1. Against the condition touching a Gly at 6+ places or on another chain (Cβ under 9 Å) and touching a residue at least 24 places away in the same chain (Cβ under 8 Å), how does residue 389 come out, does it pass?
2. What is the number of the single condition among (1) among the hydrophobic types (A, V, I, L, M, F, W, C); (2) buried (at least 22 other Cβ atoms within 10 Å of the Cβ); (3) under 22 Å from the mean Cα position of the chain (by Cα); (4) not in a strand (DSSP E or B) that residue 156 does not meet?
3. Any idea how many residues of the stretch 223-247 are of a type outside the set (D, E, K, R) and surrounded by fewer than 18 Cβ atoms within 10 Å (Cβ to Cβ)?
4. Buried (at least 18 other Cβ atoms within 10 Å of the Cβ) and either outside any helix (DSSP H, G or I) or among the hydrophobic types (A, V, I, L, M, F, W, C) (or both): is that true of residue 386 in this structure?
5. Out of the stretch 279-291, which residues are under 16 Å from the mean Cα position of the chain (by Cα), over 22 Å from residue 78 (Cβ atoms) and surrounded by fewer than 24 Cβ atoms within 10 Å (Cβ to Cβ)?
6. Give the residue that is nearest to residue 103 (Cα to Cα), with candidates limited to residues of the stretch 113-133 that are crowded, with 21+ Cβ neighbours inside 10 Å and of a type in the set (A, V, I, L, M).
7. State all residues of the stretch 368-380 that are out of contact with any His (no Cβ under 8 Å at 6 or more places or on another chain) and not acidic (Asp, Glu); if no residue qualifies, say none.
8. Of the numbered conditions (1) crowded, with 22+ Cβ neighbours inside 10 Å; (2) over 24 Å from residue 50 (Cβ atoms), residue 215 satisfies every one except a single condition; which is it?
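Each reported figure results from applying straightforward, stated rules to the coordinates on display, with no laboratory input. Just so we're clear, the structure is a prediction, and the values are computed from it rather than from any experiment. Note that each Cβ is placed from the backbone with ideal geometry, even for glycine, and that neighbours are counted across all protein chains shown.
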Amino acid sequence: MNRRDFLKNALTFAALAPLARLIAREGADGDKIFDLRTGSQVSRRRFRNTALTVPLLGFGMMRLPQKNGGIDSQMVRKMFDAAMKAGCNYFDTAYMYHGGDSEKIAGELLRKYPRDSYYLTSKMPSWIAGSEKGVERLFQEQLERCKTEYFDFYMLHALDATNWELSQKYRALDFLKEMKKQGKIRRLGFSFHDTPEVLQTIVKAHDWDFAQIQLNYLDWELYRSKEQYEILTKEGIPVIVMEPLRGGSLSSLTPEATAILRKSAPEASNSAWALRYVASLPNVLCVLSGMTLMEHLQDNLKTFSPLKPLSEPERKVLEEALAAYRKRLAVPCTACKYCIPCPVGVEIPRIFGIYNQYKINGNQWLFRNNYNAIPADARASECVSCGKCAKHCPQKINIPAMLHKIAGEVK
C-alpha cells in the first residue's frame, strides 16, 4: 500500500454542517414522532452549496433483522424510531432487497413521520425491468410499495458496463430525468460497481446529483475505490458510500488486526474505525450501514454523534491493522447476494462467509461443522460452473473457481 496515499489523500476532513431542526408531531397511530432538536444527534453534511443537510450516517435496508423467515417489523420499527430520534433520517432501499419487502417495510414504518422529515432512497434495476415499459412499471411499483409520491434520492442501480448498456437500451435515464422534472425524483444519481474507466464514461453522460460507490479502507486500493472517489470529487459529484464495512468483514477482522486497534482504542469497535475512515473524506455526503441488530445501530450512532475524524496517529494504527488483516484475506465477498439464486441452489454467500471465517480463525473443526450444516445439495461441490453468478458479482470474483477450490479443501 502507498503510505502517502493512505495517510494524506484518503482521510482529509471537512467541517460538518449544522443539524436541521424538525418539529415533533403525533403519528396516525398515536405514537410520538420524535423532536430531533433533543438528545445526541449525528453529524451532518451539506448537499453541495445548498441549505439541505444529510446525516453522515445512513440507514441501509439491505440487511434488516429477520424473524420467522421474513423481516422482523417490530425490531425494524424500534430501530427506525431510534435512528430518527438521533437525526439519522436517510433510508436507503432498493427494488430487490429482501425480495421487495424492504421497500414495503419502508413505506409501512416511515409513513407515521412527516414526509419532509426524512430522506427516502431507492434504485432502478434495469436488468429486471427488461424494457422501456418495464422501467416505468417498476418505478410506479416502487412508489406504491414505499407509499410515497416522490423519492428524495434515486439511482440507476448497480451500474457496470453491462447494466449501463441496458439502461441506455431501455432509455431508463431519459425516463428518470422526466420523473425528476415532474417532482417524483428530487435528486438523481447512480450506484456503481465497475472500473474507474467505466465510471468516467457514465460521469460524462449526465449532470448527476450524486453517486454511490463501494468504499472502505480495504478497497481503497484493492477495488480501486480511491480512483473512483477522485473522479467523482473532481467532477463535483457528492459521494454516498456503500459497503463501508465490506459486508461486515471489517467488523470482525483477524485477531491480529483487532488487537492492534484495541491497543490504540480499547473501547472502540472495529466498525467504528472503518466508518470513521470513510466519513472523514470531505466529498462523502453519507455513509450507509446495513444494520441487522439494535446493537449495530447504537454503536453506529455513538460513532457519528458527533463524528470525530481520524487523527494522524490513528491513521497509522489503521494502516498497521490493515496490513495484518490482508495477510489472511481469502474471498473478497461482501455478501451482497447478487449472485443468488444459483440455478442449482448453491448457497454461495453463506459458503464464502464460512470459508473466510475459517481462514481468519484457523478453526478447522468449526469450519467443517458450519459447512456440514449447509444442505448437501447446496454445497460448493454442487457447482456446475455455469458462470451465471460471476456475471452478477460486483466484486468480479471468479465464483465457480473459488467454489471448486473450497470443495477441494473440504475433501
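1. Details: touching a Gly at 6+ places or on another chain (Cβ under 9 Å): no; touching a residue at least 24 places away in the same chain (Cβ under 8 Å): yes.
No: the conditions fail for residue 389.
2. In the conditions (1) among the hydrophobic types (A, V, I, L, M, F, W, C); (2) buried (at least 22 other Cβ atoms within 10 Å of the Cβ); (3) under 22 Å from the mean Cα position of the chain (by Cα); (4) not in a strand (DSSP E or B), residue 156 misses (4) alone.
3. Filtering the stretch 223-247 for residues of a type outside the set (D, E, K, R) gives 223, 225, 228-229, 231-233, 236-242, 244-245, 247.
Next, only the ones that are surrounded by fewer than 18 Cβ atoms within 10 Å (Cβ to Cβ) stay: 233, 236.
Total meeting the criteria: 2.
4. Numbers: buried (at least 18 other Cβ atoms within 10 Å of the Cβ): no; either outside any helix (DSSP H, G or I) or among the hydrophobic types (A, V, I, L, M, F, W, C) (or both): yes.
Against the criterion (buried (at least 18 other Cβ atoms within 10 Å of the Cβ) and either outside any helix (DSSP H, G or I) or among the hydrophobic types (A, V, I, L, M, F, W, C) (or both)), residue 386 does not qualify.
5. Scanning the stretch 279-291 gives a single hit, 284.
6. The selected residue is 120.
7. 368, 369, 370, 371, 372, 373, 374, 375, 376, 378, 379 - these are the residues of the stretch 368-380 that are out of contact with any His (no Cβ under 8 Å at 6 or more places or on another chain) and not acidic (Asp, Glu).
8. It is condition (2) that residue 215 fails.
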